[in-house]
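The values are calculated or read from the model by the stated rules, or taken from the named source; none is laboratory data. The structure displayed is predicted, hence computed values, not measured ones. Here the Cβ positions follow ideal geometry from the backbone for every residue, glycine too, while neighbour counts run over all protein chains shown.
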Amino acid sequence: MKLSIITATYNRPEQLNAIALPSLLDQTDYNFEWVVVNDGGNPEIREIVSHLKTNFSLKYVEIKHSSTGFGLCHARNAGLEAATGELISYLDDDNNLTPKFIATTSEFFRQYPTVKYCMTAQQRRRDVTKDGKIIRQGKTFLSPSHAECSLAELISQKEIFDSNGFTHYWKNAPKWNSNYRVFADYEYLLQCINVWGRQGFQINSIPLVNYIQSSEGIIGSSSYQEWAEELSRLIENTNLSLIPNEVEKLHQLVSVYQEKCDSQLPAFI
């Protein structure tokens with residue numbers, strides 16, 4: 001089965017060319033399609049893609065940067081519309097995949113035909129940066145922290161859910177909700193639960209993504225107040241399939257974030 005990898009990129013040609021792209025060129029299995037969404041029509045990104053010669057399929061989409069909502073979500077939706085693969089996965093321009101991501105992920109879905117959406121383990125790092133330069137490099141850690149991580153742990157946010165390497169079927173796939181920034185990935189997971197049910201999810205415990213979180217990124221530069229406000233709005237969305245116990249735990253998280261509104265995010269202290 002063919003896999004489409006969507007990379008939405010906004011004015012970051014250096015990261016795209018130096019980080020995401022090489023990891024795709026190094027794949028051991030080229031049975032995939034790379035969908036590059038140039039959010040805002042950056043000419044350097046256009047130039048990089050136009051000169052590419054690859055052993056895999058390539059689709060280039062250029063969109064006007066939206067003045068409303070979270071641009072990344074708009075761009076990923078454009079990628080979903082352009083993708084032709086049976087499976088969809090995501091890779092940000094500043095992260096990379098291990099060489100066997102395509103081969104392992106494709107085999108995972110063949111091995112487990114009832115799985116409709118899957119999160120792969122990541123090697124993660126949190127760096128403090130200034131003007132794009134590393135001031136303090138964090139220690140690498142595995143996420144989820146254990147191989148038996150359950151969907152319930154992701155819903156309760158005991159474990160981190162991230163969309164890099166997240167793979168789902170294209171058919172019936174939900175659209176990304178541009179009303180969220182900090183919890184855009186998390187909200188998308190909840191949408192996938194609505195579409196495919198809880199039994200359709202599984203963790204692939206093999207680390208296939210290298211993820212570096214920066215203090216200047218969306219999460220790193222956000223505040224506890226933003227976390228509290230977004231999560232509160234998300235809880236109020238009655239279209240999401242959360243059970244009462246899960247809603248209660250999320251309300252408790254909102255309270256924790258509200259109490260820490262004047263604090264710096266813990267990952268970057």
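On inspection, ARG110 passes the criterion of being more than 30 Å from LEU250 (Cα to Cα), at pLDDT 95 or above and either of a type in the set (Lys, Arg) or crowded, with 16+ Cβ neighbours inside 10 Å (or both).
Every residue, every condition in (1) at negative phi; (2) in a helix (DSSP H, G or I); (3) not β-branched (Val, Ile, Thr), yes or no:
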site	(1), (2), (3)
LEU16	yes, yes, yes
ASP29	yes, no, yes
GLU33	yes, no, yes
ASN38	yes, no, yes
VAL49	yes, yes, no
LYS53	yes, no, yes
SER66	yes, no, yes
CYS73	yes, yes, yes
THR120	yes, no, no
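Checking each residue in the stretch 1-14 for being within 23 Å of SER66 (Cα to Cα) and part of a loop (DSSP other than H, G, I, E, B) picks out TYR10, ASN11, ARG12.
Let me confirm something: among GLY41, GLY69, which residue is among the small types (Gly, Ala, Ser), over 22 Å from TYR117 (Cβ atoms) and either surrounded by 21 or more Cβ atoms within 10 Å (Cβ to Cβ) or within 20 Å of the chain's Cα centre (by Cα) (or both)?
Working: GLY41 fails: either surrounded by 21 or more Cβ atoms within 10 Å (Cβ to Cβ) or within 20 Å of the chain's Cα centre (by Cα) (or both).
GLY69 is the lone residue from the list that is among the small types (Gly, Ala, Ser), over 22 Å from TYR117 (Cβ atoms) and either surrounded by 21 or more Cβ atoms within 10 Å (Cβ to Cβ) or within 20 Å of the chain's Cα centre (by Cα) (or both).
Residues that are modelled with pLDDT of 90 or more, touching a helix residue (DSSP H, G or I) at 6+ places or on another chain (Cβ under 8 Å) and not in a helix (DSSP H, G or I) within the stretch 211-269 comprise just one, LEU242. Consider GLN157 carefully, then state whether it is at pLDDT 95 or above and surrounded by 18 or more Cβ atoms within 10 Å (Cβ to Cβ). It is false that GLN157 is at pLDDT 95 or above and surrounded by 18 or more Cβ atoms within 10 Å (Cβ to Cβ).
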